Amino acid sequence: MVLTFSDSEYSNRQSAFLDNLPENSIVLIPTNPRSVRSNDTHYPFRANSYMLYLCGWSESDSVWMASNLSGTWSTSLFVPPQDTKAEIWEGRRAGPEGAANNWPVDSAYSIADLLEVVSPMIEDSEHIFCIDGLNSEIDSILQDCGMDILDPKKHLDSLRVIKSEAEIELMRKSAELASDAHILAMRAGKPGVGEWHLQSIIESCFTSNRAQWAYPSIVGGGENAAILHYNSNQDPVADGELVLIDAGCEVEGYASDITRTWPVNGKFTEAQKEIYELVLKSQIAAIEACQAGAKWSSFHEASSRIIAKGLLDLGILDCTLEEAIGDPLEFDGQYRKYFMHGTGHFLGLDVHDVGGGRQGDNDPGPELKPGMIVTVEPGLYFGSWRTDVKIPERYAGIGVRIEDDILITEDGPVVLTSSCPKEISELEEIIGQMR
Ligand code: GLY
Ligand code: MN
Ligand code: MN
């Protein structure tokens with residue numbers, strides 16, 4: 001196994017994190033638990049993003065620990081011990097010796113020694129930082145120790161949200177690979193194509209490039225495009241319908257997240273075009289609002305103002321402009337009947353990455369800073385089955401979302417997914433080229 005980043009990248013991250021913590025502290029960061037898929041079969045394991053961030057360790061059943069009880073910080077990994085019989089079934093393990101020699105930590109132990117090593121340290125420490133809910137053994141030791149357990153995430157999140165040059169490079173690769181995958185799916189568009197078939201084209205592009213999906217791919221044709229988290233992908237897409245594909249990959253842990261919506265027969269109807277052009281206009285305005293120094297809420301405000309005005313102009317909303325827009329900080333305009341999610345989120349090791357966003361009504365959220373990467377993804381959804389709102393007949397069954405990945409820089413927003421077409425003329429030209 002090769003580490004994703006240089007030793008110095010990891011040691012910079014560890015120092016930036018640990019140097020802000022008090023004396024006499026210990027920090028415990030467990031990796032994710034394994035999850036059962038069926039009987040004795042597990043989902044493919046994916047390490048915890050904080051673990052990947054701090055030391056790149058990707059085996060299961062492991063814990064990263066740091067302590068400054070001796071006066072200076074030292075770091076350790078607790079890892080599965082080498083065990084030939086287990087390794088025959090489950091795969092090779094680095095073991096404590098391999099971990100200590102090849103990973104950016106000072107020492108390593110078998111995970112079986114966790115209790116024995118950590119318990120006396122807990123007794124000697126004044127501050128314990130731990131991410132709970134990941135490792136039941138640690139949770140129960142800490143429950144019994146009688147101390148307040150502090151959450152290290154806010155210290156780590158403020159670091160993770162600003163990407164280093166090396167991280168930006170990987171995220172660029174991830175964005176470009178996902179763009180290529182979407183283009184291959186567009187080329188395979190034709191009436192009657194299965195949602196599952198488009199999914200297989202996208203995911204085969206990921207796999208054949210040694211990447212994997214960052215989240216279950218959404219391939220929704222027709223009415224399914226109006227279901228925000230649709231991912232059963234089992235219906236054929238009929239002539240005349242749009243298909244919405246929200247799919248991104250993970251390259252060495254780093255996610256991309258792209259949505260494109262296009263007519264499966266290669267030609268938008270007038271009604272589809274009206275909705276698509278409105279979403280596109282709002283998306284372009286929101287990207288432009290992704291300026292260093294702007295507040296998080298500013299790009300949602302940019303997209304929602306355009307959507308609100310457009311819904312009035314198309315006769316979909318019947319209210320004043322003020323009512324359509326609502327209070328920009330409360331996200332309560334009439335437009336939310338058809339655009340019911342936020343305009344974006346941070347992107348990184350997690351597809352919905354750390355860094356915050358709005359913490360409730362009236363919070364404009366954090367300031368956008370160079371090195372942050374966000375998605376911009378407005379949408380409009382007119383599922384004809386909905387009973388909560390009136391669905392205009394002309395637009396019934398239409399769902400459109402357009403999503404790009406944006407790097408914030410001093411010189412303005414950089415669209416990492418710019419190679420993925422989204423203009424109507426570009427889409428109409430490329431769809432069905434494989435027919
Ligand atoms: N693919 C999940 C999202 O767009 O947020
Ligand atoms: Mn997204
Ligand atoms: Mn998405």
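On the given criteria, is ASP404 out of contact with any Pro (no Cβ under 6 Å at 6 or more places or on another chain), over 20 Å from GLU223 (Cβ atoms) and assigned to a strand (DSSP E or B)?
yes
Identify all residues within the range 207-229 that are open to solvent by less than 20 Å² (accessible area, probe 1.4 Å) and away from ligand 1 (no atom under 14 Å from the Cβ); write none if there are none.
Within the range 207-229, ALA211, GLY221, GLY222, ALA226 meet the criteria.
Write out, first by first residue and then by second, each pair whose Cβ atoms fall under 8 Å of each other, whose residues are 6+ apart or on separate chains, and whose first residue, in the range 213-227, is farther than 20 Å from GLY189 by Cβ and within 15 Å of ligand 2 (Cβ to nearest atom) while the second is of a type in the set (A, V, I, L, M) and open to solvent by 10 Å² or more (accessible area, probe 1.4 Å).
Close Cβ pairs satisfying both conditions: ALA214/VAL351; TYR215/VAL351.
Please pick out the residue among GLY133, GLY221 that is small (Gly, Ala, Ser) and closer than 30 Å to PRO80 by Cα. Step through it out loud before you land on a result.
Values: GLY221 fails: closer than 30 Å to PRO80 by Cα.
Exactly one of GLY133, GLY221 is small (Gly, Ala, Ser) and closer than 30 Å to PRO80 by Cα, namely GLY133.
Quick one: how many residues across the range 389-398 are at pLDDT below 95 and either closer than 29 Å to GLY248 by Cβ or aliphatic (A, V, I, L, M) (or both)? Quick ask: steps written out before the conclusion?
Here is the first cut: in the range 389-398, the ones at pLDDT below 95 are 390.
Keeping just the survivors that are either closer than 29 Å to GLY248 by Cβ or aliphatic (A, V, I, L, M) (or both) gives none.
Residues flagged as at pLDDT below 95 and either closer than 29 Å to GLY248 by Cβ or aliphatic (A, V, I, L, M) (or both) within the range 389-398 amount to 0.
State whether the residues of the range 398-415 include one that is touching a Phe, Trp or Tyr at 6+ places or on another chain (Cβ under 6 Å) and not aliphatic (A, V, I, L, M). Before the answer, list the steps.
Our first condition is that a residue be touching a Phe, Trp or Tyr at 6+ places or on another chain (Cβ under 6 Å); within the range 398-415, this holds for 398-400.
Next, from what is left, pick out any that are not aliphatic (A, V, I, L, M): 399.
Scanning the range 398-415 turns up at least one residue that is touching a Phe, Trp or Tyr at 6+ places or on another chain (Cβ under 6 Å) and not aliphatic (A, V, I, L, M).
Kindly indicate whether any position in the range 103-125 is closer than 22 Å to HIS345 by Cα, aliphatic (A, V, I, L, M) and in contact with a Ser or Thr (Cβ under 6 Å, 6 or more places away or on another chain). Before you say what the answer is, go through the steps one by one.
Applying the first criterion (closer than 22 Å to HIS345 by Cα) to the range 103-125 yields none.
For the range 103-125, residues closer than 22 Å to HIS345 by Cα, aliphatic (A, V, I, L, M) and in contact with a Ser or Thr (Cβ under 6 Å, 6 or more places away or on another chain): absent.
Please determine, by comparing only the residues of the range 184-196 that are part of a helix (DSSP H, G or I) and crowded, with 18+ Cβ neighbours inside 10 Å, which one is farthest from ligand 1 (Cβ to nearest atom).
We begin by selecting, within the range 184-196, every residue part of a helix (DSSP H, G or I); these are 184-187, 195-196.
Among the residues that remain, those that are also crowded, with 18+ Cβ neighbours inside 10 Å are: 185-186, 195.
Working: ALA185: 15, MET186: 18, GLU195: 16 Å.
Only one residue fits best here, namely MET186.
(1) open to solvent by 10 Å² or more (accessible area, probe 1.4 Å); (2) farther than 24 Å from LEU416 by Cα: which one isn't true of GLU176, the others all being true?
Single failed check for GLU176: (2).
Output the residue which, of all residues in the range 239-257 that are open to solvent by less than 50 Å² (accessible area, probe 1.4 Å) and more than 12 Å from ligand 3 (Cβ to nearest atom), is farthest from GLU176 (Cα to Cα).
First, the residues of the range 239-257 that are open to solvent by less than 50 Å² (accessible area, probe 1.4 Å): 240, 242-251, 253-257.
Among the residues that remain, those that are also more than 12 Å from ligand 3 (Cβ to nearest atom) are: 240, 242-243, 250-251, 253-254.
Working: GLY240: 29, LEU242: 24, VAL243: 21, GLU250: 11, VAL251: 10, GLY253: 15, TYR254: 12 Å.
Once the filter is applied, the top-ranked residue is GLY240.
Name the pairs: first residue in the range 237-258 and without any contact (Cβ under 8 Å) to a residue 12 or more places away in the chain, second residue open to solvent by less than 10 Å² (accessible area, probe 1.4 Å) and within 12 Å of ligand 3 (Cβ to nearest atom), Cβ to Cβ under 9 Å, at least 6 apart or on different chains?
So the pair list comes out empty.
Kindly indicate which of ARG260, ARG336 is closer than 24 Å to VAL219 by Cα, among the charged types (D, E, K, R) and open to solvent by 20 Å² or more (accessible area, probe 1.4 Å). Lay out the reasoning, then the answer.
Numbers: ARG260 fails: open to solvent by 20 Å² or more (accessible area, probe 1.4 Å).
Just one listed residue meets the conditions, ARG336.
Test each condition in (1) closer than 30 Å to GLU169 by Cβ; (2) free of Cβ contacts under 8 Å to residues at least 24 places away in the same chain for GLU323 and report the one that comes out false.
It is condition (1) that GLU323 fails.
Got a sec? Which of LEU280, LEU244, LEU311 is modelled with pLDDT of 95 or more, within 14 Å of ligand 2 (Cβ to nearest atom) and among the aliphatic types (A, V, I, L, M)?
Values: LEU280 fails: within 14 Å of ligand 2 (Cβ to nearest atom); LEU311 fails: within 14 Å of ligand 2 (Cβ to nearest atom).
Every option except LEU244 fails the conditions.
Across the range 413-435, which residue is nearest to ASP257 (Cα to Cα) among those that are open to solvent by less than 40 Å² (accessible area, probe 1.4 Å) and part of a helix (DSSP H, G or I)?
LEU427
Looking at SER200, SER179, which one is over 16 Å from ASP404 (Cα atoms) and either away from ligand 1 (no atom under 16 Å from the Cβ) or in a helix (DSSP H, G or I) (or both)?
Working: SER179 fails: over 16 Å from ASP404 (Cα atoms).
Just one listed residue meets the conditions, SER200.
Would you be able to say whether some residue in the range 267-283 is within 16 Å of ligand 3 (Cβ to nearest atom) and open to solvent by 20 Å² or more (accessible area, probe 1.4 Å)?
Scanning the range 267-283 turns up no residue that is within 16 Å of ligand 3 (Cβ to nearest atom) and open to solvent by 20 Å² or more (accessible area, probe 1.4 Å).
Show me the strands (runs of 3 or more DSSP E) entirely contained within the range 61-132 in which 2 or more residues are free of Cβ contacts under 8 Å to residues at least 60 places away in the same chain, hydrophobic (A, V, I, L, M, F, W, C) and buried (at least 21 other Cβ atoms within 10 Å of the Cβ). Steps first, answer last, please.
Values: elements: 63-67, 74-79, 107-110, 127-130.
The strands (runs of 3 or more DSSP E) meeting that bar are 63-67, 74-79.
To keep it simple, each residue is scored yes or no on (1) more than 25 Å from THR261 (Cβ to Cβ); (2) open to solvent by 10 Å² or more (accessible area, probe 1.4 Å); (3) within 13 Å of ligand 1 (Cβ to nearest atom).
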| site | (1), (2), (3) |
| --- | --- |
| HIS345 | no, yes, yes |
| ASP350 | no, yes, yes |
| ASP363 | yes, yes, no |
| PRO366 | yes, yes, no |
| ILE373 | no, no, no |
| TYR381 | no, no, no |
| ILE398 | no, yes, no |
| ASP411 | yes, yes, no |
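The values are calculated or read from the model by the stated rules, or taken from the named source; none is laboratory data. No experiment lies behind these values; they were computed from the predicted model shown. FYI the Cβ positions are ideal-geometry reconstructions off the backbone, even for glycines, and counts take in every protein chain you see. With ligands, DNA and RNA removed, areas are computed over all heavy atoms of the protein, side chains included. Shrake-Rupley method; radii C 1.70, N 1.55, O 1.52, S 1.80 Å.
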